[in-house]
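Colleague: Below is one structure. I have some questions about it.
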2 protein chains.
Amino acid sequence: MISVTEALQHINNHCTPSKVAKKPIKKVMGMVLAADVLSPINMPPFKQSAMDGYAFEYSDDTTYMVVGEVQAGSSENIKLGRGEAVRIFTGARVPNDADTVVMQEHVTRADGCIEIKILPKPKANVRPLGEQITKGAIALEKGTTLNEAGVGFLAGLGIAKVDVYQTPKVSVLITGDELQKVGKELEEGQVYDSNSLTLQLALKRLGITEVRVSKVKDDLRSTTKAIEKHLKKSDVVLISGGISVGDYDFVQQALMDNNAKEVFYKVNQKPGKPLWFGYKGNTKIFALPGNPASSLICFYVYVWPLLKAQMGYQEFHLPRLRAKAKTAIKNSYDKTIFLKGNVSNGNVSVLTGQASSMLKSLAVSNALLIVPSNIEEINKGEYITYIQL
Amino acid sequence: MISVTEALQHINNHCTPSKVAKKPIKKVMGMVLAADVLSPINMPPFKQSAMDGYAFEYSDDTTYMVVGEVQAGSSENIKLGRGEAVRIFTGARVPNDADTVVMQEHVTRADGCIEIKILPKPKANVRPLGEQITKGAIALEKGTTLNEAGVGFLAGLGIAKVDVYQTPKVSVLITGDELQKVGKELEEGQVYDSNSLTLQLALKRLGITEVRVSKVKDDLRSTTKAIEKHLKKSDVVLISGGISVGDYDFVQQALMDNNAKEVFYKVNQKPGKPLWFGYKGNTKIFALPGNPASSLICFYVYVWPLLKAQMGYQEFHLPRLRAKAKTAIKNSYDKTIFLKGNVSNGNVSVLTGQASSMLKSLAVSNALLIVPSNIEEINKGEYITYIQL
């Protein structure tokens, strides 16, 4: 059995970005750029008015004859002589012969002429060609996580596709003959399956929406076949349950029969002790404990960083922060314990319902407290590390 | 023209949850419960083993004859006499005649009998019926935001549908004859449309994925008709551009022609001055400035809270935090200014590229700094309020 620190070190060693793919700009929100993106155009692509007003070639004169009008979107380049101006609107192309725009609120207009009441500075209210970015310059750098502004910025440069790190293909395999589907009648001895949904939704939070989910009977042959199938089509396989030491826990044997390489099995932690991590070829495999809360906690601590790293994130772990314990917290297990907690105003409280089967407390928790195996008690008021959920 | 504070007060007055709908559990991630959810079952639904081991009626005896086996999922209730035990597995139903489970690692087995080496405490490793929740008790309270654990918890109780606040139907109407679609050639005077995509993706972050987007020509008749159509089918209408004072800005007139009620028009802020907010019937309307960064900043400050409130969130504004200014920050405008910034280690820096047309800085920004209209300068090292993006 290895420590949590050792297990995390193993996970970190397998945290590498996955393949690069060219994706349409509409689909890359939350993804990470796998290459610098160069601007194909100058932005703005022409000398652009930043105001509704009048464009003219700057001079000390305050009277101009209005010889035309340029709407936004118009390609027209009206010639201007000395003492001439054009009516212009925000976003419109400023004529080559003009360099300054005066706001419409700062002029009076009569008889086809304007009288400027407040003379702007030379070149005021004009966005020079390429002011925001010039053609060929780096628009966004490799490693940038694309938010709505980033995607919009690239779209504004006319970029239709970009190179991003691919979102991993993940599959979920549920074991446990006692599990019944939600919506069906519960028979004596059965419980409802929640892990398939919980894991799918946790994956969705990462932007991983295409998840292959299947359920397998608790026998070695079926489990081996199901794992074989998932390994072929997935970058990451999550198996729920069947990894303990019971006579009907076939997952470890089935993984060995599939020639999967074990990196570690069993971590000195509570909950989540029987966690298995390994790989076959490029496919990473987690066998998670079947208990709902254990399964999700192992997901947050070990699966989340691996997936985020595959998606190209440089910071792939959930944030680890520190806050003061509101009450004393005991650890009588000689293991690292993860506790469902709540943090508010810098104070951490431990929620009731810590058993590995209990999801309710995670539903209302915003922090997963970590008490290391070598610490028996954290006193009230002492700092404790937690994972921000 | 009203102040930012007044504008936010108006928005807050319109921040009410939208209608309640019964939704399948698979679709409610990120939504808010509109009613307490009661558990339809006891959880666990039977006395359940928490370990792989042997179940027996507690006594000081350490030798038991193994008279059967209970797999997880089995409905069997094996009768146990004195001195008898059953082989049992994690999650399986503990026979009525047993109250304690000993871990398999703590026994030796031979000749159909077990010898307990480490006697557990009475009732150890048995989860009592209803330990996690009893039938009829509140599983999750009204107002709970459903995360993956919450949804999983409800699924584990066999709950297939819940009452949640509906996600608002939002439509986006883009104005601006100068706008060209991404993927097409840019003609002289044109720029690429980015607002339709930026707003759609910002809505997606809120879980609003079904968004009706359309583009309208810059004339009053078309704009009025397009607004009329969107008003009929939406809870919230976002209009991009056409709200300034230019001769081709028809949005305000078109809104009046639709009998929309104006709550406010123009806010003493930079960027985003020509923001319009109003409603018709139950449909709320925002006319956002057309400049990409102004549009998105108005979305974060004013649209985001209204949508979150409609979704039933109690805290509907983006978090407002405080940090120290890395450099002096000037405000020479007599307006509230929003600046794209970065916060790290409690220090705030202002990014370059603050113009209202510039999205790039928002792409790499994690904070929107707020300098109120009555403050001319924030000194280096002074605290500044920011909106966490």
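Colleague: Dipole magnitude of chain B about its Cα centre, charges +1 at Lys/Arg Cβ and -1 at Asp/Glu Cβ only, in debye to the nearest 20?
Modeller: So the magnitude is around 780 debye.
Colleague: Which one, B:Lys26, B:Lys273, B:Lys79, has the greatest fluctuation when you compute a Gaussian network model over chain B with C-alpha springs under 10 angstrom?
Modeller: Of B:Lys26, B:Lys273, B:Lys79, the most mobile in the Gaussian network model is B:Lys79.
Colleague: Which of the peptides B:45-52, A:110-117 is most tightly packed, and how do the rest follow, judged by the mean count of other Cβ atoms within 10 Å per residue?
Modeller: B:45-52, A:110-117
Colleague: Counting Lys and Arg as +1 and Asp and Glu as -1, each charge on the Cβ, what is the dipole of the range B:320-388 about the Cα centre in debye, to the nearest 20?
Modeller: Roughly 220 debye, rounded to the nearest 20.
Colleague: Where does the range B:62-188 land on Rg(C-alpha)/(2.2 N^0.38 Å)?
Modeller: 2.04
Colleague: Then there is this: Please sort by residue number the GluC sites (Glu not before Pro) in the range A:286-389 whose DSSP state is loop and whose Cβ has at most 10 other Cβ atoms within 10 Å.
Modeller: Sparse-neighbourhood loop GluC sites (Glu not before Pro): A:Glu315.
Colleague: Report Rg (one decimal) and Dmax (nearest whole number) for the protein assembly as shown, counting Cα atoms only, units Å.
Modeller: Just the Cα atoms of the protein assembly as shown yield Rg and Dmax of 31.5, 115 Å.
Colleague: Next question. Nothing charged except the Cβ atoms of Lys and Arg (+1) and of Asp and Glu (-1): what's the magnitude of the dipole of the protein assembly as shown about its Cα centre? Round to the nearest 20 debye.
Modeller: Dipole about the Cα centre, nearest 20: 360 debye.
Colleague: In a Debye calculation with equal point scatterers on the alpha-carbon sites of the range B:320-388 and no solvent, what is log10 I(q)/I(0) at q = 0.13, 0.20, 0.22 Å⁻¹?
Modeller: Relative scattering, expressed as log10 I(q)/I(0), comes to -0.31, -0.74, -0.90.
Colleague: Got the relative contact order for chain A handy, in percent, Cα pairs under 8 Å and 6 or more residues apart?
Modeller: Relative contact order, chain A: 16 percent.
Colleague: Output the relative contact order of the range B:48-127, whole-number percent, from Cα pairs under 8 angstrom with separation of 6+ residues.
Modeller: 40 percent
Colleague: Compute the Cα gyration tensor for the range A:254-372, then decide on rounded, prolate or oblate, letting a ≥ b ≥ c be the square roots of its eigenvalues: rounded whenever a/c is under 1.5, prolate when a/b is larger than b/c in the other cases, and oblate in all that remain.
Modeller: It is prolate, given that a/c is not under 1.5 and a/b is the larger ratio.
Colleague: Projected onto the charge dipole of the range B:48-127 (+1 at Lys/Arg Cβ, -1 at Asp/Glu Cβ, origin at the Cα centre), which of B:Ala110, B:Ala92, B:Val70 gives the Cα projection farthest towards the positive end?
Modeller: Checking the options against the dipole of the range B:48-127, the answer is B:Ala92.
Colleague: Kindly state, as a whole number, the per residue volume in cubic angstrom of the convex hull around the alpha carbon atoms of chain A.
Modeller: About 200 Å³ per residue, rounded to a whole number.
Colleague: Right, another one. Treat the count of other C-beta atoms within 10 Å as a stand-in for reagent exposure and order A:Tyr300, A:Tyr265 from fewest to most.
Modeller: A:Tyr265, A:Tyr300
Colleague: Same structure, new question: Considering the Cα positions of the range B:1-136, please state its Rg to one decimal place and its Dmax as a whole number of Å.
Modeller: Final numbers for Rg and Dmax: 25.4, 91 Å.
Colleague: Taking every pair of alpha-carbon atoms in the range B:1-73, what share in percent sits in each 5 Å bin, from 0 to the bin with the longest distance?
Modeller: 3, 8, 12, 10, 9, 8, 8, 7, 7, 6, 6, 4, 4, 4, 3, 2, 1, 0
Colleague: Per 10 Å bin, what percent of the C-alpha pairs of the range A:187-324 does each bin hold, from zero upward?
Modeller: Result returned by the calculation: 11, 43, 36, 9, 2, 0.
Colleague: Filter A:Lys340/B:Lys142; A:Lys26/B:Lys181; A:Lys204/B:Lys142; B:Lys273/B:Lys380 down to the pairs with a C-alpha to C-alpha distance above 19 Å, please.
Modeller: A:Lys340/B:Lys142; A:Lys204/B:Lys142; B:Lys273/B:Lys380
Colleague: Just checking the output field for A:200-211: average partner chain Cβ neighbours within 10 Å of each residue's Cβ?
Modeller: Per-residue shielding by partner chains comes out at 3.
Colleague: Turning to a different aspect of this structure: What does the charge count around B:Pro44 come to, taking other residues whose C-beta lies under 10 Å from its C-beta (Lys +1, Arg +1, Asp -1, Glu -1)?
Modeller: +2
Colleague: Could you check how many percent of all C-alpha pairs in the range B:48-127 are farther apart than 17 Å?
Modeller: 32 percent
Colleague: Return the equivalent ellipsoid semi-axes of the range A:168-256 as a descending list in whole Å, where each equals the square root of 5 times an eigenvalue of the C-alpha gyration tensor.
Modeller: The equivalent ellipsoid of the range A:168-256 has semi-axes of 21, 19, 10 Å.
Bear in mind that the values in this text are calculations on the coordinates, not laboratory data. The structure displayed is predicted, hence computed values, not measured ones. We place every Cβ from the backbone using ideal geometry, glycine too, and count neighbours over all the protein chains shown.
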